[in-house]
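This report concerns only the one structure given below.
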Amino acid sequence: MSSPTRELEFYKLVDRLSHGLKPMREPRKALAQALRESRDFFRAARGCVAVAYEGQTDASLLITLPKEGDWDLQNIGQFIRNSNPPIRDDVMMAAIRRRGATWGAMALARHGGTFDRTDRDLLARIVAAVSEAIQFIDREKMLGIRDRIDRKIMVQIDPKDLFYQILDGLRSLTHYDHSSALLIRENSEDELRVVAEQIAWTKAKSERIGLTLVLDAEVRAILESGEIHGFDRRGGVWTEWSGKPVTRLAELLDYNTATPFFGMDLREASMLCAPLVTRDGIFGVLKVASRHAGRLRPYDAELVDRFRSQAAVAILNLTRTESLRARLLTAERRHAMAELARTVSHDVNNALGSMLPLVQQMQEDLRAGKVDPSVYLEDLEQVHRSMQVCRRIFGGMLAFAKGGARGAGIGSVRPALDTALAVLKDGIDRRGIALVIEAPDDLPAVACGQSNLEQVFLNLLTNAREASSEGGTVAVCIQPDQEGVTITVADTGMGIAPEDLPRIFEPFFTTKPTGNGLGLSICRSILWEVRGTLNLESEPGRGTRVLVTVPWASAPALTPTIVE
């Protein structure tokens, strides 16, 4: 091939790669295409694309043509790290830049032939065009992820789901191999709380959710500057990338200490910290971490910066949602007590009404001197039964009213059910409704406060009772499994009309003439807060079935899954 012809073919190749690779969505496919065309252009016998990972001396093969081939991966690794290793005449390499730094290398080899300096210069120019195309693909991917999260924000998905959308997007872009997390500062207090965390090597829920970190004056001042900081740990000591004296921040956020797992060091060695700040001060932190020093770079800091606004929206949405939920819970407690008073007043009145004639008759008998011990014993037994009914009802109401003062973190299912039944059972019996209970007594604690459990049972059983008529059945079935407990409350009542089903969880929507429409919405909010679920099935004329799941307070340990 003459020199002018070869130069023309070279420019055609560069133009083809510059424009043809960018529409590709996967960098690996673009690199494979570039390797094939480069090998053909230089008439090389074989070629490869290799990358260098932190913590490894040798490079790792990403693509090889043909599949068989013997490559000096130590030599390629040294080339990628710019240590100027000796390169044989029958091999040439060019650095691939990605994510703002040298990321890998394309290598070509001949059998019995050599590459001259012109060949090496041309390969460098080809790979420069390929690097630009790869970085374009990465930018488009980043914009696509941002656009996807923006759409999620527009449809107002659950704020905590949005947290993990953001963390998952950062993982696909930065390829961190440790973790990412969102922390929020609540009510202007001097502490941060971990509200979401994604761990790279396990699919289990992070054990650090809910962890609080105390902010001292030094760390608060660092965060309120709004500046993103990058840190690396070398020799056990954290240092900031630019040498600024802000390592106290890294030390505070270095909470993921863990013992080695299958020889893998699980400590953080590289960290990015992006404060979320308004005019009122710091309200959150976005954090990304890797296991190897130097793994995260300024390019990653720019990516994290692009997601700060979305993280801020997610946290503000959560704040508004939790504030609304708190107001609804307060309103529900107020309305629930009024509803309880209304629903049990007839039962209490009946119990007191049955006692009053007996007491009056006993007084008349005493005045007339007609005292029959057997009759007195029978009358007193009736009074005793009526008083027990009142005591059980008022005791259940008192337990429910005072429940908020007890520990909010864990609860016992069977005692919560018993408290609700103490309030409602006599009314269920009086209406001629059969009550069927299948519930073990020795269940472990669940991750839901006792008063909240009682409120769930009280609302669901009240709905089941009011939907049932004489001769109907209300059934409660409690079944444990590995993840938690499943509670089913079913009735054989009138059911719910199909047109009303989509709205049953809306606050203040009710089909009852005296209802407040908060019961089911608050039940769902309570369960959402503890990562439980509430589902409802209903068929007009055949009844309603509510299925509730509540996780255990201490979930069984899950085996970590290594993610490459």
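The values are calculated or read from the model by the stated rules, or taken from the named source; none is laboratory data. Everything numeric in this text was worked out from a predicted model, so none of it was measured. Positions of Cβ are backbone-derived with ideal geometry, glycine not excepted, and every protein chain shown enters the neighbour counts. Areas reflect the complete protein model, heavy atoms only, side chains present, ligands, DNA and RNA absent. Shrake-Rupley method; radii C 1.70, N 1.55, O 1.52, S 1.80 Å.
Quick notes on this one:
- Whichever residue in segment 278-309 is part of a loop (DSSP other than H, G, I, E, B) and hydrophobic (A, V, I, L, M, F, W, C) and, among such residues, is surrounded by the fewest Cβ atoms within 10 Å (Cβ to Cβ): Ala293
- Complete set of residues in segment 420-458 that are in contact (Cβ under 8 Å) with a residue 60 or more places away in the chain, open to solvent by less than 50 Å² (accessible area, probe 1.4 Å) and not β-branched (Val, Ile, Thr): Leu424, Asp426, Gly427, Ala445, Ala447, Cys448, Asn452, Leu453, Gln455, Leu458
- Exclusive hit being under 37 Å from the mean Cα position of the chain (by Cα) and surrounded by 14 or more Cβ atoms within 10 Å (Cβ to Cβ), set Leu35, Leu61, Leu73, Leu65: Leu61
- Going through (1) over 25 Å from Asp177 (Cα atoms); (2) out of contact with any Lys or Arg (no Cβ under 6 Å at 6 or more places or on another chain) one by one, Met92 falls short only on (2).
- Residues that are part of a loop (DSSP other than H, G, I, E, B) and at pLDDT 80 or above were ranked within segment 137-182; the one that is most open to solvent (accessible area, probe 1.4 Å) is His175.
- All positions within segment 474-483 that are out of contact with any Lys or Arg (no Cβ under 9 Å at 6 or more places or on another chain) and either more than 22 Å from Thr549 (Cα to Cα) or surrounded by 19 or more Cβ atoms within 10 Å (Cβ to Cβ) (or both): Val476
- The single condition from (1) within 27 Å of Pro85 (Cβ to Cβ); (2) open to solvent by 40 Å² or more (accessible area, probe 1.4 Å); (3) more than 35 Å from the chain's Cα centre (by Cα); (4) charged (D, E, K, R) that Glu7 fails is (1).
- Any hit, segment 183-202, residues being open to solvent by less than 50 Å² (accessible area, probe 1.4 Å), under 29 Å from Ala250 (Cβ atoms), modelled with pLDDT of 80 or more and part of a helix (DSSP H, G or I): no
- Among the residues making up segment 101-123, those that are surrounded by 15 or more Cβ atoms within 10 Å (Cβ to Cβ) and either among the small types (Gly, Ala, Ser) or in contact with a Gly (Cβ under 8 Å, 6 or more places away or on another chain) (or both) are Gly104, Ala105, Met106, Ala107, Leu108, Ala109.
- Screening Arg16 against (1) closer than 29 Å to Leu296 by Cβ; (2) modelled with pLDDT of 85 or more leaves a single unmet condition, (1).
- Residue list for segment 516-563, restricted to those being open to solvent by 30 Å² or more (accessible area, probe 1.4 Å), out of contact with any His (no Cβ under 8 Å at 6 or more places or on another chain) and modelled with pLDDT under 60: Ala555, Pro556, Ala557, Leu558, Thr559, Pro560, Thr561, Ile562, Val563
- If the condition is being closer than 20 Å to Ile137 by Cα, surrounded by fewer than 19 Cβ atoms within 10 Å (Cβ to Cβ) and not polar (S, T, N, Q), then segment 10-23 contributes Val14, Asp15, Arg16, His19, Gly20, Lys22, Pro23.
- Residue in segment 87-100 that is open to solvent by less than 10 Å² (accessible area, probe 1.4 Å) and over 20 Å from Ala128 (Cβ atoms) present: no
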